[in-house]
Amino acid sequence: MADAVEEVGGGGGVGEMKRKASRADNNFLRQFRDTQSRQFKQFTASQFMEVWNHYDLDGNGYIEGKELDGFLREFVSSVNVSDVGQEALSETAMAHLKEVFMEAYDDNKDEKIDIAELAEILPTDESFLLLFRRDNPLPSSIEFMKVWRKYDKDASGFIEADELKEFLRHLIVEAKQSVSEEKLLEYTYTMLSLFDSNKDGKLQLSEMARLLPVKENYLSEPILKGASRITKGDIDRVFDQYDLDRSGTIEDEELSGFLKDLMDLSQKVTLSRPGR
């Protein structure tokens, strides 16, 4: 991928690139490159948040469409010390770069970049990267609801800043890493800024679900998805999937996990309808 960027974007130069100069030449990413090697320097959590907010213009949680095209153009041209004109990257070269780039980084093949995927693209603080659990999603929504109940200590229905901090501390300890309290606080407020869509200073369930991914939604299985007729056998399989303790009832975290999967499925169906 780096070779493709060098080939399309051209070689580097030298000279100090201050943030003000970077904004003046309209390339936001240039300020984060080393002035000698032209490689990206490691992004802090706060810098990562700044980059995300700059390119996710509509605040919908994805870099897509024109946002993605703009990001890719600046990603490539930031290799140069200064802008060399739009002609530096032809439409053909841009299309090829986008294809290669998305093949490498768009893990879920949805033609857009989410927060966790951007964290894989940019060289990011290793401890911060661990917080996205990219390679270790929870096995089910039942496990998600167990985590939710554990950290929503006041049962308010939200994960507030202090509760989120303790959850992030747990992830870091679980990964056998350690960070200072100051760094942990930076991570906490960065994660709030990235995932708190309605900016109320806390995470509701749907926002926490973006931070803490689940491996699969059982209700999205092909045997159930779009089925015109659900048999008794199908119902029994769903029941068994959520009745983990085999008590004969779906209750507590099992019921909450089922309802979360149902809610997620409903949202996906709504978004997939024509005209949305």
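The values are calculated or read from the model by the stated rules, or taken from the named source; none is laboratory data. Since the structure is predicted, the reported quantities are computational estimates derived from the model, not experimental observations. Every residue, glycine as well, gets a Cβ built from its backbone with ideal geometry; the counts of neighbours run over all protein chains shown. Quick note on the areas: whole protein, heavy atoms, side chains included, nothing else; ligands and nucleic acids left out. Shrake-Rupley method; radii C 1.70, N 1.55, O 1.52, S 1.80 Å.
General observations
- Hey, Glu160 open to solvent by 30 Å² or more (accessible area, probe 1.4 Å) and out of contact with any helix residue (DSSP H, G or I) (no Cβ under 8 Å at 6 or more places or on another chain) or not: yes
- Close contacts from the range 108-123, counting a first residue that is at positive phi and a second that is open to solvent by less than 50 Å² (accessible area, probe 1.4 Å), with Cβ to Cβ under 7 Å and a gap of 6+ residues or different chains, come to Glu111/Met102.
- On inspection, Lys260 passes the criterion of being within 25 Å of Asp107 (Cα to Cα), basic (Lys, Arg), buried (at least 17 other Cβ atoms within 10 Å of the Cβ) and modelled with pLDDT under 85.
- Out of Ser141, Ser77, Ser37, one residue alone is of a type in the set (Ser, Thr, Tyr) and open to solvent by less than 10 Å² (accessible area, probe 1.4 Å). It is Ser141.
- In the range 88-111 there is no residue that is open to solvent by less than 10 Å² (accessible area, probe 1.4 Å), in contact with a helix residue (DSSP H, G or I) (Cβ under 7 Å, 6 or more places away or on another chain) and small (Gly, Ala, Ser).
- Output for the range 203-217, where each listed residue is outside any loop (DSSP other than H, G, I, E, B) and either aliphatic (A, V, I, L, M) or buried (at least 19 other Cβ atoms within 10 Å of the Cβ) (or both): Leu203, Leu205, Glu207, Met208, Ala209, Leu211, Val214
- Some residue of the range 154-177 being under 17 Å from the mean Cα position of the chain (by Cα) and acidic (Asp, Glu): no
- Test: residue in the range 124-138 that is assigned to a helix (DSSP H, G or I), among the charged types (D, E, K, R) and closer than 19 Å to Ala175 by Cα: yes
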